[in-house]
Each structure stands twice: as structure tokens, then as C-alpha cells.
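The values are calculated or read from the model by the stated rules, or taken from the named source; none is laboratory data. Fair warning: this is a prediction, and the values are worked out from it, not measured in the lab. Please note: Cβ atoms are built from the backbone with ideal geometry, for glycine as well, and neighbour counts cover all protein chains shown.
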Amino acid sequence: MTADAFLFWFLAALTIVSALSVVLMTNPIYSALSLAMTMVSVAAIFVTLQAYFLAGVQIIVYAGAVMVLFVMVLMLFDLKHELQAFTRGRFSGAFKIASIGSLAGLLVGAMYTANVLTVPEAASVANTTPKGAITPLAEELFLRNVFGFEALGVLLLVIAVGTVALSRSKGGTHARH
Amino acid sequence: MPDISILTTITPNHYLVLSACLFMIGVAGVLLRRNLIVLFMSIELMLNAVNLSFVTFSHSFGKVDGQVMVFFVMTIAAAEAAVGLALAVSIFKRFKEVNIRFFEHLKG
Amino acid sequence: MTSMGTTGFEITVNLIKTVLVFLMMVQAVPILVWLERRGSAFIQNRFGPNRVGPLGLLQLLADAVKFLTKEDFAPEKGNRFMFYAAPVFALIPAAIAYMAIPMSVPLKLESATFLIQGFEINVGIVFVLGISSLAAYTILMAGWGSGSKFSLMGAMRASAQIISYELALGLSIVGVILMYGTFNFNEMILQQQGPLSFQAFGYTVSTVALPNWGIFYQPVGMILFFAATFAESNRLPFDLAEGEAELVAGFHTEYGGFKMLMFFIGEYGHMMIASGLMATFFFGGYGIPYVSIQDVQNFGMNLFGSEIAANVFNTVVHFLMYNLKFGLFLWIFIHVRWTLPRFRYDQLMDLGWKTMLPWALANTMVTATVMFVTSYFMF
């Protein structure tokens, strides 16, 4: 087995196991920490796909900021084991799981039959640009997608204002007097 | 001797299948869990799965468009988490509970 | 990320090197503790530990024995898994991030070249910032796992502080990144070689009096970065997490013995990362002012007469230079701790969000504008 394959299977197993524990753990803090683990291993997978800068950004933004916020909020709530972590109803539960399974089967089957991804390696990023170069990424982001970039800036501003307003509000129409 | 090339040769399809699995785990979380914050986390999981496919396509087609999309997705995910958590905090202040079973009626 | 090498010899050396850098980091901690205790004693007109061994240096060994033989206890109400996992996770991010900082010129042997750092990454800055931002989890895990109010409140404060100051930290070095045009530490250090010289409006401005260091281009960035690293590593004047008067000892109230020591190593590790980054970004890294790498190489050639000996000499000299700068910044960390009083929590947040963030943003914009104007307009 080559090093590449070993790395992929190791990281894939890590990702899947930690992602599963996000859903299956009944203590939400364990869920949040496993999600952080998932983020870090997805970042490692980005490295195997030669998206070095994105891997770094993934760790800074997701693992370093977003998930810390989640964990902090959960610890503030101080929830112990939940009485009802999962939805009730045997029939609806089975139905949900069956639908998830069939959707997954459809997706995987579609990917194996479609054969879209038999692109020769010669075209890959690794061979056209030096390893980890971010100039092409910057050009794409700031020259061709500059409108989207600015729109995201506006979105972030709106979100920041909205979040502050939400956290300062006394409950709005639901306020207790 | 069975053919083990599927194990030893890693193609973009492997990454896409992994991404599909992650996405499905996220969907399962949204459908099965009842904790508001775990629902948010499952959505983050789905967004990550999408990011993974974007990066895979970007790698195999040799273009950086996919990576730019990942940037956009990450920004939106961070924004969504901020608003979602602010909502969760205000809901927790009001109901002292984050299990969606307790506030499934719109009436306060 | 460069590969670990092609031949068996290269791979072995690279693996040993990674372990060595880690051991270096861990071994530097007792010396720093000694320096801190003696230094604080010096500042406060006391003696400090001076009984065990010469200058009290063997105190470190005695302390290690004490830490290892202490009773290993965990609070009953806490979460045992998190309580034990937190100290381990305190160590890992600091060690991994420290490995990415280059410490000397690459050592060229006959067939292979070895970088004097754990591993080289092209996006070094992003990597170091990302990995060291994972430290917030440790603090939260320790605070939560202890099952104590003081721990939890200390952890909340510390992690809020870390994510607030990360913004200022990241923005303060955007100017540096713009100036050097790279994320790679080695390339940055090579650009800081030689005397101060830059191009403006089509002219070359240069002076032999000053080295070409980042501090002369980014003084505001330097101050902001250094201040933010104090907050990131939870040191005074920003060690709100452990305000003794109100929180006992913050997130590590319940820890004792070796587990406490591991948090200590983590904190010192963050100090070391900060010092290494300061040297790399603003003070020429391992470069020696007024003397180029080639000069040292030639001097070594004259001295020893063999290529390999000259290479080794070159590496060792630059390694010592790096450690000089590194040690200087570590001393500043220690000195500040024993000189400045602690901030109040609202003052800390105000400083981070209302002072440092706007200044860092302004620094970024001014740097970008000046770079654009001076390189696109000719007179």
C-alpha cells in the first residue's frame, strides 16, 4: 500500500468516526469536540488535495473560531446528559434512517457509474503551479469574483449587526414582563 | 486474489464518496437529533462535506474556482453559526432549554 | 509541505529532527522557569531559588521529581476524560506549531540538505496561527472537566480573550505578509538579509547603517503583534484567566503535579512560538545583522578549509544568532510579567476590540496603499 493510500484511508476513517460521534454522542459537548476533530481531519484531507492555504483557513476559521464559539455556548448552558437526545417515534425514525440510507446509496452509486472524474493527472493543480502557491487563488478571488467577495463583506456586516441586536434584545414579542 | 486496486489507488471518486458519507451523516444528525445546537453542528458537517467535494473537483480539474467557492462557503458558515448561536442563546434565556421539543409551537 | 526525503538516511534524519525540536521545546521550559524565578527575584530585590546546586540550577531537577511523585487526583464532580485529556492537548498544538519555525540556515551535507526546523510548510504563517488557535479547546476542556465554578469562569474568560485577540494578531501581520509577498518563513528571512534598502517611486533607497529588518517597515505591526501574543499566551498583563483575587487560579485551579506542569509547558510553548515569530517577522530571523550568510560561509571556509565543516559552522553560528534573539524576546516576556499590573476584564476587551483591531486595520490599509503608490507611480 502506498503512502498516499494509507494517508487517505487513515484520514477518511478518522473523519467518518468523528463525524458519526457528532451525531451519536448524547452529551452535546462531546458532539462539539468531535466536530472540531472532524474539522481538523477535513483540513488534513485538504492538505492531501494540495489545498494548503485552504487547510490553514479551515483550521483557523472552523476549528479555531466557530467551534470554540459552539463549545463556549454549550458550556455556558451547562447541559448534562439529555433526556431525549434523539427524536421519538419508532416508525418515523426507521423511515428517516431508511431515507438517509437510500439517498446515500443513490449518491455513491451515481458517482461510481458516472465516471466523470477520470481526468488525467497531468491537468491537476499540482503539475501546473508550484506547490502551495496562493497567487492563482488570490487572482481568482480578487479579480474574477470580486463582486461576490464584496457582497460577502456586506453580508458579514449585516450578520454582525444582527447578532449584536439579537443578543442585546430582551426577548422581543416573547419578553416576560 | 481479489482486485484491491480500489484500496491502493486513490482517485477523486474516493474523496467524493467520503464527502457523500459526511453529508449523509450531517443529514442524519439534522433529522434525528433534538438539540438545537447539535442541529447547527450537523449543518456545519454538511457544509464541510460540500467543501470537500469542491476542493476535490478543484484538484482534479486543475482550476482554483472550487477553492474560491470554499472560501465563500466558509464565510457563510461562520456567519450562520454566529446568528444561530445568538438565536440559541436567546431561546435558552427564554425557555431554559435547547431541546426543540419544548418550543415547537410558535406561540411563546 | 515538503516530503520527508527520498533516501532512508534523509527520512531517518528528518524524523529524528522532529523529535529533537520537540525535546528542545520541552527542555527549554525548566530553564525558563529557573530564569523566571531568578529574574523575578532580581526584579523584586529577593534571592530566588539559590540553594540547590550552582546558582540554584538543580532546583529544576528537584522540581521535576516533586511534580512526578505528587499524588494524582481528579475532582469527583468533574468529567474524568476531559480532565485528563486537557493537559495533553495543551502540549500538542504548541509543539506542532513551534516545529514550523526555522531556526538556522539549511545544513548542506554531501548529498542532502536538512532544514533546521521540524518541517517546512509553504503557508507557514497560516499553519502556525491555526494550530496555536486550537489552544482555546484545552482551556475550555480543563475548565469544564474540573467541574468547578472557578475553573469554568476562568476558562470562559481565557477562551473569550484568546478568540478576541486572534483577530488583532492575524490582522497585525497582514502588513508583513503584504510586504514580503509570501507566507513562507524561510523566504521572509532571506528577504531581510543585507542593509536596509527598498524601491520607492522608481528610486532605490538604501542605507548601510540599518539591517533590512521588518521592524523598520512595520513598527506599528510589531507593537500590535507583540501585545496580542501576550494575550494569546495568557501571560501578564493579560492573564485574566488566573486573577488570583477573584478566580483562585483560573482554569487550572483543580490541577496539580504533572498535569499542572503540562499546562505550564503549553504556556511557555506559546511564549516560545511568539518569540520565534517576532524574530522571524520583524528581526531577521536567524540572520546576522551586517553579515550575510555567504560571509559566514566564506569565513568558515578560511577557518576550516573544508566545505562540510564550513557548512556546519554556518548553521551553528546562525543557530546561535537565532537563539540570542529568541532568548531576548523570552526575557522581555518574563520582564513584562514582573513589571506590569494586570488589566481589568473590560479594559482588556476594550483594548482588544476598540484599540488594537482598528489600529491593525489601519496599518493594513496604509501598508497596502503605500505599497501600491510607491510601486506604480514613477517620478
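Filtered by the rule that a residue be assigned to a helix (DSSP H, G or I) and modelled with pLDDT of 85 or more, the range C:32-56 gives C:32, C:33, C:34, C:35, C:36, C:37, C:38, C:39, C:40, C:41, C:42, C:43. Within the range C:113-126, does at least one residue satisfy the condition of being modelled with pLDDT of 85 or more and crowded, with 22+ Cβ neighbours inside 10 Å? Checked against the condition, which is being modelled with pLDDT of 85 or more and crowded, with 22+ Cβ neighbours inside 10 Å, the range C:113-126 yields at least one hit.
Apart from one condition, residue C:154 fits all of (1) under 18 Å from the mean Cα position of the chain (by Cα); (2) assigned to a helix (DSSP H, G or I); (3) farther than 23 Å from residue A:61 by Cβ; the exception is (1).
For the range C:331-356, which positions are over 21 Å from the mean Cα position of the chain (by Cα), closer than 23 Å to residue C:175 by Cβ and buried (at least 18 other Cβ atoms within 10 Å of the Cβ)? Answer for the range C:331-356, where residues must be over 21 Å from the mean Cα position of the chain (by Cα), closer than 23 Å to residue C:175 by Cβ and buried (at least 18 other Cβ atoms within 10 Å of the Cβ): just C:351.
Being within 28 Å of residue A:137 (Cβ to Cβ) and either in contact with a Pro (Cβ under 8 Å, 6 or more places away or on another chain) or within 13 Å of another protein chain (Cβ to nearest Cβ) (or both): is that true of residue C:124 here?
Yes: the conditions hold for residue C:124.
Okay, residues lined up against (1) more than 11 Å from chain C (Cβ to nearest Cβ); (2) surrounded by fewer than 24 Cβ atoms within 10 Å (Cβ to Cβ); (3) at pLDDT 90 or above:
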site: A:42; (1), (2), (3): yes, no, yes
site: A:55; (1), (2), (3): no, no, no
site: A:67; (1), (2), (3): no, no, no
site: A:70; (1), (2), (3): no, no, no
site: A:79; (1), (2), (3): yes, yes, no
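Got at least one residue in the range C:221-243 being closer than 26 Å to residue C:317 by Cβ, modelled with pLDDT of 80 or more and of a type in the set (Val, Ile, Thr)? There is no residue in the range C:221-243 that is closer than 26 Å to residue C:317 by Cβ, modelled with pLDDT of 80 or more and of a type in the set (Val, Ile, Thr).
Among the residues of the range C:135-149, is any away from every other protein chain (no Cβ under 12 Å) and in contact (Cβ under 8 Å) with a residue 60 or more places away in the chain?
Yes, the range C:135-149 has at least one match.
Of all residues in the range B:29-41, those being facing another protein chain (nearest Cβ under 7 Å) and either under 20 Å from residue A:65 (Cα atoms) or touching a strand residue (DSSP E or B) at 6+ places or on another chain (Cβ under 8 Å) (or both) number 7.
Filtering C:215, C:223 for residues that are surrounded by fewer than 23 Cβ atoms within 10 Å (Cβ to Cβ), closer than 24 Å to residue C:356 by Cα and touching a residue at least 12 places away in the same chain (Cβ under 8 Å) leaves a single hit, C:215. Only a single item in (1) within 8 Å of chain A (Cβ to nearest Cβ); (2) farther than 18 Å from residue C:94 by Cα; (3) more than 18 Å from the chain's Cα centre (by Cα) is not met by residue C:183, and it is number (3).
Beta carbons closer than 8 Å, at least 6 apart along the sequence or on distinct chains, never pair a first residue in the range A:65-78 that is touching a residue at least 12 places away in the same chain (Cβ under 8 Å) and outside the structural domain of residue A:32 (by TED's automatic domain parsing) with a second that is part of a helix (DSSP H, G or I) and surrounded by fewer than 20 Cβ atoms within 10 Å (Cβ to Cβ).
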